[in-house]
1. Extent of the range 74-178 along each principal axis, from alpha carbon coordinates, in Å, largest to smallest?
2. State, to one decimal in nm, how far the label point of residue 284 lies from the label point of residue 116, with both points 7 Å from Cα in the Cβ direction.
3. Test of understanding: what is the full-extension gain from residue 90 to residue 229, defined as 0.36 nm times their sequence separation minus their Cα-Cα distance?
4. For the ranges 253-265, 104-116, what's the packing order if you count other beta-carbon atoms within 10 Å of each residue, average per peptide, and put the highest first?
5. By the gyration tensor of its Cα atoms, with a ≥ b ≥ c the square roots of the eigenvalues, what is the shape of the range 5-70: rounded for a/c under 1.5, prolate for a/b over b/c, or oblate?
6. Gain in length, residue 201 to residue 62, computed as 0.36 nm per residue apart minus the alpha-carbon separation, to one decimal in nm?
7. In percent, how large is the relative contact order of the range 74-178, given Cα pairs closer than 8 Å and 6 or more residues apart?
């Protein structure tokens, strides 16, 4: 770093001329913010500030060298490495100083080409900072930054930085970690941000899904109304769909009623048929066992009653066909088999032939 001495140049001897004024042609031009300091004999003399440069000036003609001195205010950073808890990791402390040249001739005499050299020596004289940073892990860089700022403020107040010919003031402290750790922390930060973004998207999706579910729970009419308000659904389409749904519900209700009625009639007919079959079977068994003398009239009567219940008029009976115009015999009531009392002689005259 070429500050505050920007450059130094050795000048040759200017030869005398008979008919012309002597002039020096090898003086480097001034840069913005710099001044010329000439070495004349054993002295360093600054060219008068505010005057136009005169190559025939006595100091310029007699100078053996010239220095360009930067007189502007500059902020200079000086770094120092301090340890951490782990021997494998270290902190880098960067201390900033505000510097300005107050005596260019003195700076040129001392040849302060790089001001960071004396400032680095000044920073190395602070012995408490390494002991403070050694108690922190490398991940605790923020704590180390606060401690370093506190210690440097106290140190610069008790022992202010000094560079001859310059004013130097402590500005601030910054603490850095290794590039590998910085890259790792950046990666972790990006991962955390990605997870937070994904979690936010999931939360928004859950909220939208819950809101839509609540809208749908209020019925299709409410959903249609929301669509109409937002001009995403046509009123005519909604009306046509509602009319179609109503017609479909009516048709379905009618079909269900018809199916129920047919089912009831089928059950009634099946129940009647089952009852008749049971009675017929009972009558046949009674006729076969002799408990019923003549089951035919009873069977015919059962068939006739069953036909009248079902709305039919069958011409057949259990025994065969019977013309519809023939008179039906009156039904006979069931009677039990002959009892033993039927064989007793009720009158003594019955013994007489």
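Bear in mind these aren't lab numbers, they're just calculated from the coordinates by the rules spelled out. Everything numeric here is computed off the predicted structure, so don't read it as measured data. Don't worry about glycine lacking a Cβ; one is built from the backbone with ideal geometry, like all the others, and counts go over all protein chains shown.
1. Per principal axis, max minus min of the Cα coordinates gives 47, 24, 20 Å.
2. Label-label distance for residue 284 and residue 116, simple model: 12.4 nm.
3. Working: separation 139, 0.36 × 139 = 50.04 nm, distance 6.50 nm.
Full-extension gain reported as 43.5 nm.
4. By packing density, highest mean first, the sequence is 104-116, 253-265.
5. Working: a/c = 1.96, a/b = 1.58, b/c = 1.24.
Cα axes put the range 5-70 in the prolate bin.
6. Details: separation 139, 0.36 × 139 = 50.04 nm, distance 7.91 nm.
Full extension from residue 201 to residue 62 adds 42.1 nm.
7. On the way: 169 pairs, mean separation 43.7, N = 105.
With pairs under 8 Å counted, the relative contact order is 42 percent.
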